[in-house]
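The values are calculated or read from the model by the stated rules, or taken from the named source; none is laboratory data. Not measured: the values here are computed from a predicted model. Don't worry about glycine lacking a Cβ; one is built from the backbone with ideal geometry, like all the others, and counts go over all protein chains shown.
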Amino acid sequence: MMHFSFPPARWSSARWSRQIALIALVLVLAACNSATPLATGAPTAAIDQATVTSQPSPEPTAVAAKVILVSDSSAATADVQNAETHLTALAAQNNMALVKAETLAAADLTADVKVVVWVGAASGITDLAGGAPQVQFVAITAGDLQSAANLSVIRSHPEDVVFIAGYISTLIAPDWRGAALLPSDGPLGDEVQTIFENGGRFFCGRCAPAYAPVVLFPLSATLPSTSPASAWQAAFETLNQNVIEVLYVSDPASSPELLTPLKDAGITLIGSQPPSAELQSNWAATVQMDNASVLDTLWLGLLAGKPGQTLEAPVTLSDINPDKFSPGRQDLVQTMISNLQNGLVDPFSVPAQ
């Protein structure tokens, strides 16, 4: 009878270990193959989720801050033109819009209005400034306005312009023969002729010419501001019976219809507005109030909301033709302008002759 032992006696323990490991591996693989497969459900459709990007709300369009330039009926044309030219540049430098108007009401002072510059009598500006403390106001005026918390005053002196025009016309005219065409209804009223004549006589006293016709210069004629060019021309013809060499033409009298024939007649001209190109050869100088430089002085304070102040505008000369108005005579006039500004000369009177 045969006897078997398990494992066989001849198997080494190492061989036996390998056999055990092999049997275990077979059992594991069999178990994996017999595992119940996962139930496969109906295919699930993939749903693409759209990515929603949050859109920023559009920013409101910035409204440009405004500067309003008001010029009422009493404003001198030269003053308005100078203010407009200067404010156009200042507004552009500060990304502001310049708006022009002839009148101003409280309803016009919307939230975007930052500065109001008013040239002329500026009637009612004090009440408007009091009702709109967020707005800075500037009055360029010859009137007796007083500054306030948000109201600055640039004091214009039309009497100084007329006085200097009389001084220059006599200073540069051969044989003192200077004259002027002046408005009878301007801010100086009836005194405008006296002021112009005082300017000349401050330089030469009685100003009696050496040659006939002998009258005391300077001379002047006045008309209403709205007079046509033909009326001013007739006024000049009357003056020219005394042989006029130099003529000051005020703003109301100035027009191409008047100035061109005067230039053709060889008259040396002085005015308060810059000359056209065709007039330059006969133009001695432009005499104006220097409101622009004073506005420059105030501007940054206006934007910063600083308290109002009162400043005096000096007379300025421009468009000078040295062939008609020599540097030496220019120095004399600049000294006179300084004396006027410092109160050393009164344009309404002259020293006793």
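List, please: which pairs have Cβ atoms under 6 Å, are six or more places apart or on different chains, and start with a residue in the stretch 81-108 that is farther than 15 Å from V70 by Cα and end with one that is aromatic (F, W, Y)?
Taking only residues 6 or more apart or on different chains, the pairs are L90/W299.
Could you check, for the stretch 151-161, whether at least one of its residues is in contact with a Phe, Trp or Tyr (Cβ under 9 Å, 6 or more places away or on another chain) and closer than 11 Å to G200 by Cα?
No, the stretch 151-161 contains no residue that is in contact with a Phe, Trp or Tyr (Cβ under 9 Å, 6 or more places away or on another chain) and closer than 11 Å to G200 by Cα.
Please specify each residue of the stretch 105-126 satisfying the condition of being crowded, with 20+ Cβ neighbours inside 10 Å and closer than 20 Å to D144 by Cα.
V116, V117, W118, V119, G120, A122, I125
Across the stretch 313-333, what is the total count of residues that are loosely packed, with under 14 Cβ neighbours inside 10 Å and within 23 Å of D79 (Cβ to Cβ)?
Of the residues in the stretch 313-333, 1 are loosely packed, with under 14 Cβ neighbours inside 10 Å and within 23 Å of D79 (Cβ to Cβ).
Being more than 30 Å from L188 (Cβ to Cβ) and part of a loop (DSSP other than H, G, I, E, B) narrows it down to one of A91, A111, A122, A107, so name that one. So that I can check it myself, show each step before the final result.
Values: A91 fails: part of a loop (DSSP other than H, G, I, E, B); A122 fails: more than 30 Å from L188 (Cβ to Cβ); A107 fails: part of a loop (DSSP other than H, G, I, E, B).
Selected residue: A111, the only one of A91, A111, A122, A107 that is more than 30 Å from L188 (Cβ to Cβ) and part of a loop (DSSP other than H, G, I, E, B).
Please give the number of the condition K100 fails out of (1) under 30 Å from V345 (Cα atoms); (2) surrounded by fewer than 20 Cβ atoms within 10 Å (Cβ to Cβ).
(1)
Here are some conditions: (1) in contact with a strand residue (DSSP E or B) (Cβ under 6 Å, 6 or more places away or on another chain); (2) touching a residue at least 40 places away in the same chain (Cβ under 8 Å); (3) on the phi < 0 side of the Ramachandran plot. D319 meets all but one. Which one does it not meet?
(3)
Criterion first (among the polar types (S, T, N, Q) and surrounded by 22 or more Cβ atoms within 10 Å (Cβ to Cβ)) does Q136 satisfy it? Explain how you work it out, then say what you get.
Details: among the polar types (S, T, N, Q): yes; surrounded by 22 or more Cβ atoms within 10 Å (Cβ to Cβ): yes.
So Q136 fits the description; yes.
For the stretch 205-222, check the following and say yes or no: at least one residue is at pLDDT below 95, surrounded by fewer than 22 Cβ atoms within 10 Å (Cβ to Cβ), assigned by TED's automatic domain parsing to the domain that holds Y167 and basic (K, R).
yes
From (1) hydroxyl-bearing (S, T, Y); (2) closer than 30 Å to G301 by Cβ; (3) touching a Pro at 6+ places or on another chain (Cβ under 9 Å), pick out the condition that doesn't hold for T170.
For T170, the failing item is (2).
For the stretch 60-77, how many residues meet the condition of being out of contact with any helix residue (DSSP H, G or I) (no Cβ under 6 Å at 6 or more places or on another chain) and either hydrophobic (A, V, I, L, M, F, W, C) or at pLDDT 85 or above (or both)? Before the answer, list the steps.
Start the filter on the stretch 60-77 by keeping residues that are out of contact with any helix residue (DSSP H, G or I) (no Cβ under 6 Å at 6 or more places or on another chain), which leaves 60-66, 68, 70, 72-75.
Checking the rest, the ones that are also either hydrophobic (A, V, I, L, M, F, W, C) or at pLDDT 85 or above (or both) come to 62-66, 68, 70, 72-75.
Residues that pass the stated criteria total 11.
So, restricting to helices (runs of 4 or more DSSP H) that lie completely within the stretch 248-353, which ones have at least 3 residues that are modelled with pLDDT of 95 or more, over 28 Å from the mean Cα position of the chain (by Cα) and within 21 Å of V162 (Cβ to Cβ)? Working first, answer last.
Details: elements: 256-264, 291-303, 327-341.
Of the helices (runs of 4 or more DSSP H) lying wholly inside the stretch 248-353, those with at least 3 residues that are modelled with pLDDT of 95 or more, over 28 Å from the mean Cα position of the chain (by Cα) and within 21 Å of V162 (Cβ to Cβ) span 256-264, 327-341.
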